[in-house]
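The structure appears right after this line, and notes come after that.
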Amino acid sequence: MKKDAIINKDINRRKFLKFAGATAAGTMLSGFTGAIRSTFAQVQSRTVVKPNFVIIFCDDLGYGDVGCFGSKKHRTPNIDRMAAEGMRFTSFYVTSGVCTPSRSSLMTGCYPRRVDMHEDSDGRCVLFPVSGKGLNPNEITIAEVLKAQDYATACVGKWHLGDQPEFLPTSQGFDYYYGIPYSNDMGTNQRSQNPPLPLLQNTKVIEAPADQNTLTRRYTEQVIKFITANKDRPFFVYLPHTMPHNPVNSSENFRGKSANNGYGDAVEEIDWSTGEILAALGKLGIDERTLVVFTSDNGAAQRWGGSNLPLSGWKGSTMEGGMREPAVIRWPGRIPAGQTCDELASTLDLLPTLARLAGTKAPDDRIIDGEDIWPLMSGQEGVKSPHEAFYYYQMDQLQAVRSGRWKLHLPLKVKRRNWGKGTPNTPMKLYDLKNDISEENDVADRHPDVVERLLGLAEKAREDLGDVNYKGRQRPAGWVVTPMPLRKEKS
Ligand SMILES: [Ca+2]
């Protein structure tokens, strides 16, 4: 693989401003007189008030891990209330069963293969510390789209799209960053050559190893501080929690309190955190102009106590349990309360949808795989998913396709797994997810026409997004030649 392309951020910025076109006019206004500016603001406020956005993105939280999605073990009254005041999405997907690729899609509105974030430089399923590879700064992230609309932007939590300065949130459209750059199990304890798990503020390591017990609490404080400081202008907060990814940790108020060991404690602290953020929005009087998303980056792992029920399979697989997530979206007055949407939607759709709500649109100088799902979110009657198909990739391999109620697992000579040898000769299977959400009854024999149609869709995906060694219409990742470990400066 070629590693010689160092990204020129200035060129990138210029390109982006060109793309932003009319929207850049908003930025130029800062040079005008106060009077003109205030007239502009009045006109603008009469036409459209830009909503705030908060995306709460858990790490490895399963489909069945919160009360409003059926958990009997975890007490999640705040997330449940959020669902009662908003909409549950029950066929909401991420594009991968693991962290890095899944996050690349939320940021770019593209499948991981599209932006070459489906594997690391050595063919592993996620990025590891001191990685020369990262999300290409030439990609236009959701934060960059919103920043061009004059949003204040913050990322608080686990990033995992590159640990070099060129790839960190502050180089990808976020004004502010506070959090860990990759997974909480990737400190020195994982491999002795890794630096102690760094906690960053912007690009500076402020603590190493990070005290994981207090991360959820500190993230929450950071988010509320940022929201409070920016309450009078539109803001975008991306909160990718570190928990409940293993090793699970929680602060003293939650430790040992749940009915499901450390995992349950961590989930219940995330619920508390969600409640604190919603309470802050209410207190600041900005509830009705703030859209909040709650979901997870992939399904629960098999080993640590999470649940994907009633789905089958675990984190890291293309079964529903790996890639279908609990999702709640709330915006009082704009999203109808207490409703459920079972139409196919995904994290791919957040960029186009939020762009539209901010008064702009997704970048049109490149392929974006996501679609605007505001018609679904706003509860318009009879609206169907904008996606003819959704594709389940395991790293570089297309393994399954869903269209409407049907999901086809493709027949594969060697079905890839994240770790170790693949599984040989896996047979084709067709499931009717409407009647068989657990993927238990193969009905391929009874529906040859459906099988043929889905095989055709898979073929289209192979041509477009690629499959194994065939690249398809892929854009390059970002690379740095000499990646350096993130360490705390000696004081
Ligand atoms: Ca994860």
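Please work out which residue is farthest from residue 173 (Cα to Cα), limiting yourself to segment 371-387 and to residues that are in contact with a strand residue (DSSP E or B) (Cβ under 7 Å, 6 or more places away or on another chain) and surrounded by 17 or more Cβ atoms within 10 Å (Cβ to Cβ). Don't jump to the end; show me each part of the working.
Keep residues of segment 371-387 that are in contact with a strand residue (DSSP E or B) (Cβ under 7 Å, 6 or more places away or on another chain), which gives 373, 376-377, 379, 385.
With surrounded by 17 or more Cβ atoms within 10 Å (Cβ to Cβ) added as a condition, the list becomes 373, 376-377, 385.
Details: 373: 23, 376: 27, 377: 25, 385: 29 Å.
In this case the residue turns out to be 385.
So, in segment 185-202, of the ones that are under 25 Å from residue 137 (Cβ atoms) and in contact with a Ser or Thr (Cβ under 6 Å, 6 or more places away or on another chain), which residue ends up least open to solvent (accessible area, probe 1.4 Å)? Walk me through how you get there before you give the answer.
Initial filter on segment 185-202 (under 25 Å from residue 137 (Cβ atoms)): 186, 194-195, 197-202.
Then drop every residue that is not in contact with a Ser or Thr (Cβ under 6 Å, 6 or more places away or on another chain), which leaves 194, 202.
Working: 194: 5, 202: 53 Å².
Going through the qualifying residues, I end up with 194.
I'd like to know if segment 296-306 contains one or more residues that are hydrophobic (A, V, I, L, M, F, W, C), in a helix (DSSP H, G or I) and within 16 Å of the ligand (Cβ to nearest atom).
First, the residues of segment 296-306 that are hydrophobic (A, V, I, L, M, F, W, C): 300-301, 304.
Subset that is in a helix (DSSP H, G or I): none.
No.
When you look at residue 127, is it hydrophobic (A, V, I, L, M, F, W, C), within 15 Å of the ligand (Cβ to nearest atom) and open to solvent by less than 10 Å² (accessible area, probe 1.4 Å), yes or no?
Numbers: hydrophobic (A, V, I, L, M, F, W, C): yes; within 15 Å of the ligand (Cβ to nearest atom): yes; open to solvent by less than 10 Å² (accessible area, probe 1.4 Å): yes.
Answer is yes for this residue.
So for segment 150-166 (the condition being open to solvent by less than 10 Å² (accessible area, probe 1.4 Å), within 16 Å of the ligand (Cβ to nearest atom), in contact (Cβ under 8 Å) with a residue 24 or more places away in the chain and in contact with a Cys (Cβ under 6 Å, 6 or more places away or on another chain)), does at least one residue qualify?
Within segment 150-166 (the criterion being open to solvent by less than 10 Å² (accessible area, probe 1.4 Å), within 16 Å of the ligand (Cβ to nearest atom), in contact (Cβ under 8 Å) with a residue 24 or more places away in the chain and in contact with a Cys (Cβ under 6 Å, 6 or more places away or on another chain)), the answer is yes, since at least one residue qualifies.
Would you tally the residues in segment 284-318 being within 16 Å of residue 82 (Cβ to Cβ) and either under 20 Å from the mean Cα position of the chain (by Cα) or open to solvent by 10 Å² or more (accessible area, probe 1.4 Å) (or both)?
Total meeting the criteria: 9.
Identify, please: which residue in segment 319-340 is of a type in the set (Val, Ile, Thr) and part of a strand (DSSP E or B) and is, among those, most open to solvent (accessible area, probe 1.4 Å)?
Let us first name the residues in segment 319-340 that are of a type in the set (Val, Ile, Thr), namely 328-329, 335, 340.
In the following step, the residues that additionally are part of a strand (DSSP E or B) were identified as 328-329, 340.
On the way: 328: 1, 329: 0, 340: 75 Å².
The residue in question is 340.
Before we move on, is residue 182 in contact with a Pro (Cβ under 8 Å, 6 or more places away or on another chain), open to solvent by less than 10 Å² (accessible area, probe 1.4 Å), part of a strand (DSSP E or B) and of a type in the set (Ser, Thr, Tyr)? Can you show your working first?
Values: in contact with a Pro (Cβ under 8 Å, 6 or more places away or on another chain): yes; open to solvent by less than 10 Å² (accessible area, probe 1.4 Å): yes; part of a strand (DSSP E or B): no; of a type in the set (Ser, Thr, Tyr): yes.
Taking the combined requirement at face value, the residue does not satisfy it.
Every residue, every condition in (1) farther than 30 Å from residue 136 by Cα; (2) open to solvent by 50 Å² or more (accessible area, probe 1.4 Å); (3) of a type outside the set (Gly, Ala, Ser); (4) not in a strand (DSSP E or B), yes or no:
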position	(1), (2), (3), (4)
401	no, no, yes, no
413	yes, yes, yes, no
459	no, yes, yes, yes
483	no, no, yes, yes
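The values are calculated or read from the model by the stated rules, or taken from the named source; none is laboratory data. Note that this is a predicted model, so its numbers are computed, not measured. Positions of Cβ are generated from backbone atoms using ideal geometry, with glycine treated the same way; all protein chains shown enter the neighbour counts. When the accessible area is computed, the model is the full protein with side chains, heavy atoms only, and any ligands, DNA or RNA have been set aside. Shrake-Rupley method; radii C 1.70, N 1.55, O 1.52, S 1.80 Å.
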